[in-house]
Structure formats: C-alpha cells, structure tokens
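Inspection log for the structure reproduced underneath, given as structure tokens.
Quick note: the coordinates plus some simple rules give every number you see, no bench work behind them. On a predicted model such as this, the values are computed, not experimentally measured, just so you know. Note that each Cβ is placed from the backbone with ideal geometry, even for glycine, and that neighbours are counted across all protein chains shown.
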C-alpha cells in the first residue's frame, strides 16, 4: 500500500484546492486547468463514495480512507505525466487526513498521515466558506462550515504549507489564484 500513496517526483508545479465541502474547489480547479491548458486531477473520494452510496446507502468509514488516498495519488501520478508546467489537484492526502480527524475522533491511519505530510505541493488555494452550501448525497456538514474552515486553515499553518486564501465571487477567486500562480511561474 505504501507505494500506492507515494507521490512520484516531477518538475511540475502542483497546485491544490483545499478546504471544506461545498466551497468551490472543483469549480476553481477546473477553471484554472482550462485557463492554463493543463491537467486537472478530480477528487477521487467523490467518485469512490458516490459509488458506495449508490450501491449501499452507506457513508464513508475509516476503512475507506486508504483506498481513497491511493486512488487520489494514482490519478495525480498519471496526470503528472500529461502536464507541461502545472497540475491542478481538486484535493490531496492532507485534505483526506483532515476529514479523517474531523470525522473519526481525531484519528488518522498512520500510513495516510505519513504520505499526507510527505507529499509536497507548491501552492494550496484555501477556499473560503462564502459560497452557498449545496446539498448532495455526500455533503453533511452545512452547520459546521466555519469550524471546518478553521480546521483546514490551522492544518496548513501547522504543517507550514504555502497557501493563499481565495474568497469572493467566482471571478474574484479565479483572479486571485491566477495572480499567485503567474507569480509562482515567474519565480520558478
């Protein structure tokens, strides 16, 4: 399992959209990928958990987290090969770690934690909670958005991850991200 969680090395600049549910991560990461004409890594947990829900009406359990993490990194490693300069990730293993701790009384599988902290990214786009919460089969914390946002922000601070806050309208979020990504492209 360890090899399935290991990020392959590359010279690609990797950008992660990071934050609580229903804060525009997918929208922003897709728009940025289209703008820069670079690959976008979808959130594997959505696919995995939606399929589980459709078959069994069961929600995520701790034993689902390692397969979700492995699926996320597999997709990221595969799409890294298609990238020219940038790769946009709709999530990463650090996000999976946050959800593990938030949902399962502070616990996280040691293997997930190891690779969540070991895998690296050039920039995190922390998505703020100023977007409307949209219900679906998987989202379940509409009343805990502020607490979850604080948890995500504190995690980035705790592990000294490079990030910027993106908030406001879709256009404002996009423009904030583009300015920072362009700056990053010009300095690397």
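Between 167, 55, 14, where does the largest GNM mean-square fluctuation fall for the chain, given springs only between Cα atoms within less than 10 Å? Fluctuation is largest for 55.
Assuming R0 = 25 Å, what is the FRET efficiency of residue 58 and residue 147, from their Cβ-Cβ distance, to the nearest 0.05?
0.50
Applying 0.36 nm per residue to the separation of residue 30 and residue 188 and subtracting their alpha-carbon distance, the gain on full extension is 54.6 nm.
Normalising the average separation of contacting C-alpha pairs (under 8 angstrom, six or more residues apart) by the number of residues puts the relative contact order of the chain at 32 percent. Each label was represented as a point 7 Å from its Cα along the Cα-to-Cβ direction; for residue 171 and residue 51 these points are 4.0 nm apart. As a calculated quantity, the FRET efficiency between residue 4 and residue 179 at R0 = 35 Å, using C-beta atoms, amounts to about 0.50. A Cα-only calculation for the chain places Rg and Dmax at 15.6, 49 Å.
Sort region 46-145 into rounded, prolate or oblate with this rule: let a ≥ b ≥ c be the square roots of the eigenvalues of the Cα gyration tensor; rounded if a/c is under 1.5, and if a/c is not under 1.5, prolate when a/b is larger than b/c, oblate otherwise. Cα axes put region 46-145 in the rounded bin.
Size check on region 13-61: the Cα extents along the three principal axes, sorted descending, read 39, 19, 17 Å. Could you tell me which of rounded, prolate or oblate describes region 93-146, using a ≥ b ≥ c as the square roots of the eigenvalues of the alpha-carbon gyration tensor, with rounded for a/c under 1.5 and, failing that, prolate when a/b is larger than b/c and oblate otherwise? Here region 93-146 falls in the oblate category.
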